[in-house]
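The structure under discussion appears below in the form of structure tokens.
The values are calculated or read from the model by the stated rules, or taken from the named source; none is laboratory data. Small disclaimer: the values here were computed from a predicted structure and weren't measured. Positions of Cβ are generated from backbone atoms using ideal geometry, with glycine treated the same way; all protein chains shown enter the neighbour counts. Side chains included, ligands, DNA and RNA excluded: accessible areas come from the protein's heavy atoms. Shrake-Rupley method; radii C 1.70, N 1.55, O 1.52, S 1.80 Å.
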Amino acid sequence: MRHITKTGLLCLLVLTVLILVPSVVAQEPESKKSEGEGERPYEIFGGYSYLRDDGHNLNGWTGTLIVNVNKWFAIAADFDGHYGSHREGLEVVRVRELGFTFGPHVALHNRSRITPFVFALFGGAHENVKIAGVTESATGFAANLGGGLDVRVNEAWSVRLIQADASYTHFQGEGKTAPRLSTGLVFHFGKTR
């Protein structure tokens, strides 16, 4: 598998922003919704994710399925993967961390195109650390507490400008909290309620 450099990911992120921001700015403000219209019941978010773990940079992906129960409350299922390598002395350490968390997601849907949101997700994570040809694996408790901002492009799409959260993991008796930043696209679907 081809290794993507940090510079390559940064260029891809900048290019995506340069393409999407003008289209968002050029959109007319949403017309006022009639009383019968509401939000679509389902959302899928997918995008780039950065995790700062034990002083090391991990790059990866994140995907979230959101089921809106009403205008402001939803249940979310978040899945993510982060990968990286660093040196410890003469040895190269390769890290792979996968997470799966679930829980409440609260969004302030309003008449503007900007939707702030917060979440508290709980579940598990699996970590592989390979050093000197030896792989250690662990599965443990995980939690993601955070929030962000979505900007509506049209009825079906939003740009997640930023999602920032504290990613907590507990492996083999040791807990740690790491900052996680994500950005990407949100697809809204299902019949409006």
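A few remarks follow.
- FRET efficiency, 1/(1 + (r/R0)^6) with R0 35 Å, evaluated for Leu149 and Gln172 via beta carbons: 0.45
- For segment 75-156, the solvent-accessible area of protein heavy atoms averages 50 Å² per residue (probe radius 1.4 Å; ligands and nucleic acids excluded).
- Solvent-accessible area, 1.4 Å probe, carbon plus sulfur percent, for segment 35-179: 62 percent
- Taking amide H atoms as placed 1.01 Å from N in the peptide plane, the amide H of Glu39 lies under 5 Å from those of Arg193, each 5 or more residues away in sequence or on another chain.
- Inter-probe distance in nm under a simple model that places probes 7 Å from Cα toward Cβ, at Phe100 and Ser112: 3.8 nm
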